[in-house]
Structures are given as C-alpha cells and as structure tokens.
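The values are calculated or read from the model by the stated rules, or taken from the named source; none is laboratory data. The structure displayed is predicted, hence computed values, not measured ones. With ideal geometry, Cβ positions are generated from the backbone for all residues, glycine too; neighbour counts draw on all protein chains shown.
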Amino acid sequence: MERVMEWDNSLNTGIDIIDKQHQGIVEFINKLHTASHNGDREIVGDVLTGLINYTVSHFAFEEDMHEKHGYPLAAPHKKVHEMFVEHVASYQERHNNGEDIARKLSGELVVWLGNHIKNEDKDYVPYCSKPIEKGVLSRMLGKYFK
Ligand SMILES: [Fe+2]
Ligand SMILES: [Fe+2]
C-alpha cells in the first residue's frame, strides 16, 4: 500500500519529543489512508478515533510546554489547535452518519500537518528548545498520553 505522507527533514523541529509525536500523527494519517483504500468502514472509524485522541494528546502536551517556557504566542497557537480538532470532529460525525470521508480527510491532513509544523510549530522552537526536566517530562507524558 502506497503511503500518503512520508517524514522528511523539513518537518523536523529539532525538539526530539515533539518530532516523535509528529511522526506518530503521520503514522495515523497513513493508517487512515490505508483504511480508506481498503474500504472497511469500521477500521476507518477506529483509526479516526485513534488519530483524534493522539492529536489531542499532542496538542495538550505542546500547549503545556508553551506555558512552561512562556511562549508569547501560546494563546493563538491553542486557538489553531482547537479549530483543527473541531474540523476533524466534523469529519468524524460525517463518517458516523455514513459518509465516505477518509480519503478526502487524509489528503487534507497531509497538507494541514505539514503547514502547521513548518509554520506555527517551528515558530515556538526558539522559545521551547531548552529540554524539559526529566521528572516533569514524564509527568507530562503520563498526563496527556494515557
Ligand atoms: Fe501545534
Ligand atoms: Fe505540533
């Protein structure tokens, strides 16, 4: 099965923990693409739920990191995350109502994630590159990635 999104260096922020999470989202986008190709609605639904949960966890992690580092654009960044989650949730609702949305959504996600990482996410890097203390980091991971 052909993948719809590959990781490349232009997506690296240089903050390891963030790059790993972004790679996780890329994997979900590829899973969604494969599920839509195979035409199994139940699997599409499961992948959608997994993708939304993982992305919401990532966003919460990022927002907490912004707060810890005093990133000045934390509020507008959070707003972008919220609008994105609403957008994907509306697709999930359409899927639940019997529509076939997976292919269109996976295509949109490729563009959205690439743009978000390269623009909004890269903007916080100079403010947030100081590593988070180990104990604090593991508490954050435990809190957001259940
Ligand atoms: Fe972000
Ligand atoms: Fe991000």
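Being of a type in the set (A, V, I, L, M, F, W, C) and in contact (Cβ under 8 Å) with a residue 60 or more places away in the chain is the filter here, so list the residues in the range 85-133 that pass it.
Ala102, Leu105, Leu109, Val110, Leu113, Ile117, Val125, Cys128, Ile132 - these are the residues of the range 85-133 that are of a type in the set (A, V, I, L, M, F, W, C) and in contact (Cβ under 8 Å) with a residue 60 or more places away in the chain.
Give me the pairs, please: first residue somewhere in the range 18-31 and free of Cβ contacts under 8 Å to residues at least 24 places away in the same chain, second residue anywhere and within 9 Å of ligand 2 (Cβ to nearest atom), beta-carbon distance under 7 Å, and either six or more positions apart or on two chains.
Once the first residue is free of Cβ contacts under 8 Å to residues at least 24 places away in the same chain and sits in the range 18-31, its partners that are within 9 Å of ligand 2 (Cβ to nearest atom) give Asp19/Thr13.
Quick check on Glu67: is it free of Cβ contacts under 8 Å to residues at least 24 places away in the same chain, within 16 Å of ligand 1 (Cβ to nearest atom) and of a type outside the set (S, T, N, Q)?
yes
Among the listed residues Val136, Val111, which satisfies the condition of being within 17 Å of the chain's Cα centre (by Cα) and either modelled with pLDDT of 95 or more or more than 16 Å from ligand 1 (Cβ to nearest atom) (or both)?
Val111
Report yes if Phe61 is within 14 Å of ligand 1 (Cβ to nearest atom), aromatic (Phe, Trp, Tyr) and assigned to a helix (DSSP H, G or I), otherwise no.
So Phe61 passes the test.
Evaluate the following for Ala102: is it buried (at least 17 other Cβ atoms within 10 Å of the Cβ) and among the aliphatic types (A, V, I, L, M)?
On the way: buried (at least 17 other Cβ atoms within 10 Å of the Cβ): yes; among the aliphatic types (A, V, I, L, M): yes.
The answer is yes for Ala102.
Residues checked against (1) within 13 Å of ligand 2 (Cβ to nearest atom); (2) among the hydrophobic types (A, V, I, L, M, F, W, C); (3) in a loop (DSSP other than H, G, I, E, B); (4) within 29 Å of Lys134 (Cβ to Cβ):
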position	(1), (2), (3), (4)
His22	yes, no, no, yes
Glu27	no, no, no, yes
Ser57	yes, no, no, yes
Met65	yes, yes, no, yes
Lys68	no, no, no, yes
Tyr71	yes, no, yes, yes
Glu82	no, no, no, no
Ala89	no, yes, no, no
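Would you call Val110 closer than 27 Å to Val47 by Cα and buried (at least 16 other Cβ atoms within 10 Å of the Cβ)? Give the derivation first.
On the way: closer than 27 Å to Val47 by Cα: yes; buried (at least 16 other Cβ atoms within 10 Å of the Cβ): yes.
In short, yes.
Of everything in the range 2-13 that's loosely packed, with under 10 Cβ neighbours inside 10 Å and not hydroxyl-bearing (Ser, Thr, Tyr), which residue is farthest from ligand 2 (Cβ to nearest atom)?
So, considering only residues that are loosely packed, with under 10 Cβ neighbours inside 10 Å and not hydroxyl-bearing (Ser, Thr, Tyr), the one farthest from ligand 2 (Cβ to nearest atom) is Glu2.
When the residues of the range 3-20 are narrowed to those that are outside any loop (DSSP other than H, G, I, E, B) and within 15 Å of ligand 1 (Cβ to nearest atom), which ends up farthest from Ser138 (Cα to Cα)?
Residue satisfying both the conditions and the ranking: Leu11.
Would you mind stating whether Tyr124 is within 13 Å of ligand 2 (Cβ to nearest atom) and outside any helix (DSSP H, G or I)?
no
Here are some residues: His33, His87. Which one is within 16 Å of ligand 1 (Cβ to nearest atom), of a type outside the set (Val, Ile, Thr) and modelled with pLDDT of 95 or more?
Exactly one of His33, His87 is within 16 Å of ligand 1 (Cβ to nearest atom), of a type outside the set (Val, Ile, Thr) and modelled with pLDDT of 95 or more, namely His87.
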